[in-house]
Amino acid sequence: MKIFKLFAFALCLISISASAQEISDHALGLRLGDSDGFGAEISYQKSLSRYTRLEFDLGWRDSRNYDAFKLAALHQWVHNIDQGFNWYYGAGGGLGSVDFAQRPNDTPDGGLFIFAAGDIGIEYNFDFPLLLSLDFRPEIGVLGYDGFSDSFDFDIALGIRYQF
């Protein structure tokens, strides 16, 4: 009876590992969303293991009203749903800086800020090296200037990345 249980357990592990999809070593592309007014971000993903990766996103804005940048870093855990579909979640944070345009009779406003972020999303890995994702990233201000984002932001974005 013990041998049967051991065999069933081994078969279960083999089938789980055979159905799991490995994530690519590198992925580079765009993350298109609100991003608290930053718009598109350059996004890079680096695998750490078979089921985890790091994601780095850089957004910047150069406009008449303000100049700003935001850098986010997240550690993500990736789980297979079915043939090319994965879901993932993660946690991390980042920093940014915003400088508002100085107008006559106005005092300049802005500064450096640090934030914490979570992440949950779904992605599709095509047979060719393209990865599409849709994720939700809540961010909360931790330190520094909070007038730019009101200390809390819901960021929903579409990711388009080339895998290599």
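Which ³J(HN,Hα) values in Hz, rounded to whole numbers, follow from the phi angles of segment 79-86 under the Karplus curve 6.51 cos²θ - 1.76 cosθ + 1.60, where θ = phi - 60° and Gly and Pro get x?
Couplings: 10, 6, 9, 5, 5, x, 8, 10 Hz.
Provide, for q = 0.18, 0.21, 0.26 Å⁻¹, the log10 of I(q)/I(0) from a solvent-free Debye sum over equal Cα point scatterers in segment 25-99.
Cα-only, vacuum Debye calculation for segment 25-99: -0.76, -0.94, -1.22.
When Lys and Arg each count +1 and Asp and Glu each count -1, what net charge do the other residues less than 9 Å away from PHE136, Cβ to Cβ, add up to?
Neighbourhood net charge equals -2.
Using the Cα gyration tensor of segment 59-101, with a ≥ b ≥ c the square roots of its eigenvalues, what is the shape: rounded (a/c below 1.5), prolate (a/b larger than b/c) or oblate (neither)?
Note, shape of segment 59-101 comes out prolate.
Take ASP62 and ASP127, extend 7 Å from each Cα along the Cα→Cβ direction, and tell me the distance between the two endpoints in nm.
A separation of 4.2 nm, rounded to one decimal place.
Read-outs throughout are calculated quantities, based only on the coordinates presented, and are distinct from any laboratory measurement. What you are looking at is a predicted structure, and each value in this text was computed from that prediction instead of being measured. Neighbour counts are summed over all protein chains in view; Cβ atoms, including those assigned to glycine, are modelled from backbone coordinates with ideal geometry.
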